[in-house]
Structures are given as C-alpha cells and as structure tokens.
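Working notes, structure below.
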Number of protein chains: 2
Amino acid sequence: MLKLYSYWRSTAAYRVRIALNVKRLSYQMIPVHLVKDGGEQHKPEYLEQNPQGLVPLLDDNGKLLSQSLAICEYLDESFKGPKLLPDEPFLRAKVRSLCQIVACDIHPLDNLRVLKYLKGELNVSDEAKDTWYRHWIHEGFRAIELELQSYKEQGFFAFGEMLTLADVFIVAQMYNARRFNVDLTDYPRLVEVEKHCLTLDAFKDARPESQPDAE
Amino acid sequence: MLKLYSYWRSTAAYRVRIALNVKRLSYQMIPVHLVKDGGEQHKPEYLEQNPQGLVPLLDDNGKLLSQSLAICEYLDESFKGPKLLPDEPFLRAKVRSLCQIVACDIHPLDNLRVLKYLKGELNVSDEAKDTWYRHWIHEGFRAIELELQSYKEQGFFAFGEMLTLADVFIVAQMYNARRFNVDLTDYPRLVEVEKHCLTLDAFKDARPESQPDAE
C-alpha cells in the first residue's frame, strides 16, 4: 500500500500526485497542513518520518522516501505502467536536467520556508518578496523555453510524443507561476505543454483544487 | 571526447569532476570564470550552449547537458566503470533523495547568483548574508546526518560499503560549508564520510584547489 504525505498547494507534492496517476497507482493521501498551527510538517511525529520537515513523503509499506524527483523515479523503476523517462540515455538525461531546473533552481528559492525567512529574518517587504518570487521563475522558464524549442515540432509534450517527467514538473511549476501572477507571454511553448497536459485525467485529478484538503 | 565546462570553486562542477574520476573517464576541462568581468557564464557564446548561464555543462561529442545530478546519472548510465548508484530500487531512491537534499534544498539557496541578489536587490548586510548561507546548510545537514544514522555500521561511505553519488554530493557540499566556517560539530557522520572519501584519488584530484583554474 502506497501512502503519500501531501499538501494541496505544494507543487512538489503536486508532481508526485501526477506521477502516481500517470503510473495508475492507487494510494492513500495523508494531508499535512503546511500553514495551520505554524505548520504540521514541524511536528515531532512528522519529523520522525521526514527529518527535513517537508512534503511530499512517500510511504511504501513502511519504506519512507522524501524528495519529489527521487519519489517519481522510484515509482517509475518499481512499478509497471507507462514509463516516465525515455529509454535513450541522452534523452533521459535531458528530461532529468529539465526537471532539475525546476526542482533545484526555481522551486526551492520560492518555497514557503524561504519566503518566511525573507519576511521574518530579513524583513523584506511584500513587494520585494513578490519580485524575488517572479525573478527565479523567469530565470528558470527562460532557459526551459529555449531548451524545448528543438522538440516543439515533435509532439504536444515537452520532449515530443512521449509524456515524461518534464511535463509533470512543468505543469506543477506553471500552477505556481499563475498563482503569483507571473507574466507568461514569453513562454508560449510552456503554455502549450501545460494546456495539452491538463486535458489528461492524470494531470487534472492531481490538481491542487481537486484535492480533498483543498480550501 | 568529453568536455566539462567548470569553475574550480563551483561545488556543482566539483560533483561532476568527482563522478568523472570515479568512472575513470578522461575529459577536457574548460574553465568558465564565474566572477571575472561580471562572470563569463553570462557571455552570449556560453549562454548559447547553456541558456541557464550556470556551470557545470557537459559536452559529449556535441551533445550538451546541464544540471550536475543529471550529468552524473548520464555518465553512470552511458559509460562503463564503477556504478554510482546501487542496483536495488529503494536504495537507489534513497541515494537520489540524499543528493537532492543537497542539490535542491541547500546549494541553490547559497549559490553565487542568489547571494548577489541578496546583496544587490535586497541590500542585505554581509553578516545577514552569512547567516542565511549557514542557515540552509544547517537545515540540510541536520536532515542528512539523521538519514545516515542507520547506515553507519555498514561501512565508511554514506550508504555503507558502496561509494555512491551521495558521497560525491556530500563531499562537495562539505567543501562549501568549510569555506564559510560552518560549525560541523553536530555532523560527525558527515565529517567521517568526507574524511574517508578524501583519502581516495578520485575525490582528491577533483578538489577545487587541485584544478588548473584555481587561484
């Protein structure tokens, strides 16, 4: 039995929800409220399971795994269902690289704990915080949009005909960008990929607003 | 022929240099000076190859790949030599997860471009910048130290007997922590893993101070 510790608005958890759906795996969702009472992720019983105090966390029959990209690849390597990474080594690497632009160089800079630090410890204004937020999304999206140019004739997904983890990571990050009113004019390819993916149930059912803990 | 665009002090490039050495792959190193003239990584000819304007970048006979973890896994999947990831799916996933704690949740927050933003756009003092730097290292190291407790009886490496990408990522991040005088008292396991790895030529030869572009 798979359990996923998730929060509806966490884009890292959103990625894993999509991956679980694409693999057609059923799972029990355990909501961790990241805001209420200072954040349930900081409670001792949660920290015992994930010392980082972050979501998502996968529990596969007692085996605990953190970090969304590691979880997605674990699901892909351990379970049947459509593959999330291409077989060809260089293309696999390009997909991973694109996921890491999102997972390493966009999202961690705009994460809740970082925004809290900016507001709290550094006393940054709301306006400067929002500018920071958008800055790192633009930095990453500019690079991703360029990287994807050479694949756009090949199909509706980021890398062409095959749905990959790149699509999963892009869709989750686009949700975040829209939530904070990032101007997406310069990223037509990202918009196109997102639009196509959101016609698919695996993506639709994983959306933040479709989660039982959505507010 | 493999080429690596690298900067001696970049810990992301340091990871890839170690991985190349562990795999016993020869490569041509092309230094990209991240500081001189505002940073050679921002020059148009470099941005054409890596639109993110970051190092490292791998060039495998004209195939270009960014993101250190994606590069390391590509090397592991494409070339012979010692494996950098265990075969067992859950342990593979744990190794990747640990690498991602470093690559997603520590390093990008302390990266040169972020420190520049803090100083420039946000006008943060040097003291507050250093506190920020150490804060994210402590957050990550605390979790890693706990994650590794259950493997410490099994061998000198992070996950026991086998050298994995986890060791590669830990050693590079420890260099960074030492450079900024982070107090490592609470991380005896990390110190032990680092000490053991640095007895090996693959790690020693990849160290920043051993690079041709070291200053």
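Among the residues of region A:116-136, those identified as more than 14 Å from residue A:182 (Cα to Cα) and more than 9 Å from every other protein chain (Cβ to nearest Cβ) are A:116, A:119, A:120, A:123, A:125, A:126.
Residue check: is residue A:164 hydroxyl-bearing (Ser, Thr, Tyr) and surrounded by 22 or more Cβ atoms within 10 Å (Cβ to Cβ)?
Criteria met by residue A:164.
Might you check whether a residue that is surrounded by fewer than 17 Cβ atoms within 10 Å (Cβ to Cβ) and of a type in the set (A, V, I, L, M) occurs anywhere in region A:201-215? Among the residues of region A:201-215, at least one is surrounded by fewer than 17 Cβ atoms within 10 Å (Cβ to Cβ) and of a type in the set (A, V, I, L, M), which makes the answer yes.
With the condition kept exactly as written, say whether any residue in region A:171-182 is more than 16 Å from the chain's Cα centre (by Cα) and either hydrophobic (A, V, I, L, M, F, W, C) or surrounded by fewer than 17 Cβ atoms within 10 Å (Cβ to Cβ) (or both).
Looking only at region A:171-182, we keep the residues that are more than 16 Å from the chain's Cα centre (by Cα), and these are A:181-182.
Next, only the ones that are either hydrophobic (A, V, I, L, M, F, W, C) or surrounded by fewer than 17 Cβ atoms within 10 Å (Cβ to Cβ) (or both) stay: A:181-182.
Looking for residues that are more than 16 Å from the chain's Cα centre (by Cα) and either hydrophobic (A, V, I, L, M, F, W, C) or surrounded by fewer than 17 Cβ atoms within 10 Å (Cβ to Cβ) (or both), one finds at least one in region A:171-182, hence yes.
Listed by first and then second residue, the pairs linking a residue in region B:116-140 that is in the same structural domain as residue B:102 (by TED's automatic domain parsing) and surrounded by fewer than 17 Cβ atoms within 10 Å (Cβ to Cβ) to a residue that is among the polar types (S, T, N, Q) and part of a helix (DSSP H, G or I), with Cβ atoms under 9 Å apart and 6 or more places separating them unless they lie on different chains, are B:121/A:131. Inside region A:1-11, can you point out the residues that are in contact with a strand residue (DSSP E or B) (Cβ under 9 Å, 6 or more places away or on another chain), at pLDDT 95 or above and either among the aliphatic types (A, V, I, L, M) or not in a loop (DSSP other than H, G, I, E, B) (or both)? Scanning region A:1-11 gives A:2, A:3, A:4, A:5, A:6.
Contact map, region A:143-170: first residue free of Cβ contacts under 8 Å to residues at least 24 places away in the same chain, second residue part of a helix (DSSP H, G or I), Cβ cut-off under 7 Å, separation 6 or more or different chains; pairs are A:160/A:151. Could you check region A:185-206 and list, in sequence order, the residues that are in a loop (DSSP other than H, G, I, E, B) and either of a type in the set (S, T, N, Q) or closer than 14 Å to residue A:167 by Cα (or both)? Across region A:185-206, the qualifying residues are A:185, A:198, A:199, A:200, A:206.
The values are calculated or read from the model by the stated rules, or taken from the named source; none is laboratory data. All figures in this text were calculated on a predicted structure; none of them were measured in a lab. Cβ: placed from backbone, ideal geometry, glycine included. Neighbour counts: every protein chain shown.
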